[in-house]
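For reference, the structure discussed in these notes is given below.
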Amino acid sequence: MVMLNARPEQVDLNLEKCALVVVDMQNAFASKGGLLDLAGVDISLAKPIIEINRQLIEKARENGVKVIYLQYTYHPDLSDGGTNMSPNYHKELGLVLMRSKPELKGKLLVKNTWDWQIIDELSPLEGDHVIEKSRYSGFTGTNLDNYLRGQDIQHLLFTGIATNICVESTARDAFFHEYWPIIVEDAVNHTGPDFNRQATLWNFENALGWVTDFQNVIAAMERATN
């Protein structure tokens, strides 16, 4: 067991039962010319979190912490995006943009496109686990829960994009599935006004989980090896 400094209180981690969940670190959400950038969303804050994620992933691998990548994915025919009776059809930004701009059809979040790919700086390695999803939450329509239970995972460290959408959705579902969700606040990037970030962190600090930062996670893992 190793102690992780967090809010509202420290958490005792067994690193063998801990996973780092890297949410949607794809060109769509972190790169110039990707989905968010094309939609006019400011992605400038993605750059510093890429480096933080790189260091966290490396440290997790060194300490035997499972690294799980979530990857927003649609089939080329968009059949898994939902029909016009699905709220996802009407609200998910990639689907909305591809309908409103025909030149983008089949290019956003579609499997094997550049937009869909995990950014080069954080490419998964052998031993990492990649889970494709077609909804904001990584638990919806995937084998994430089965995988975590099969690996006897208890604590989940969350990083990635976007703090207030896919990170929050997955971390909320983690709480409902009886995992301990811990958001690494300087390893995530939000969309929209900053109050979105503040609200997500407040919710997890006070009602749904815990909040920590990059240095605390690194320090905890280093204590485990000393």
Handout entry: Count of residues meeting criterion [within 24 Å of H190 (Cβ to Cβ) and of a type in the set (K, R)] in region 41-98
Key = 4
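Residues checked against (1) acidic (D, E); (2) crowded, with 22+ Cβ neighbours inside 10 Å; (3) under 20 Å from the mean Cα position of the chain (by Cα):
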{"position": "V22", "(1), (2), (3)": "no, yes, yes"}
{"position": "A28", "(1), (2), (3)": "no, yes, yes"}
{"position": "Y72", "(1), (2), (3)": "no, yes, yes"}
{"position": "P76", "(1), (2), (3)": "no, no, no"}
{"position": "N88", "(1), (2), (3)": "no, no, yes"}
{"position": "L93", "(1), (2), (3)": "no, no, yes"}
Problem - Complete set of residues in region 66-79 that are under 20 Å from N27 (Cα atoms) and touching a residue at least 60 places away in the same chain (Cβ under 8 Å) - result: V67, I68, Y69, L70, Q71, Y72, T73, Y74
Exercise for the section: Report, by residue number, each residue of region 52-65 that is free of Cβ contacts under 8 Å to residues at least 40 places away in the same chain and within 22 Å of W114 (Cα to Cα). Expected result: none
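Okay, residues lined up against (1) farther than 28 Å from S44 by Cβ; (2) β-branched (V, I, T):
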site: K105; (1), (2): no, no
site: N143; (1), (2): yes, no
site: G150; (1), (2): yes, no
site: I165; (1), (2): no, yes
site: R172; (1), (2): no, no
site: F204; (1), (2): no, no
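Throughout, read-outs are computed from the coordinates displayed, never taken from laboratory work. In this text, all values refer to a predicted model and were calculated from it rather than measured experimentally. Reconstructed Cβ throughout: ideal geometry from the backbone, glycine too, with neighbour counts over all protein chains shown.
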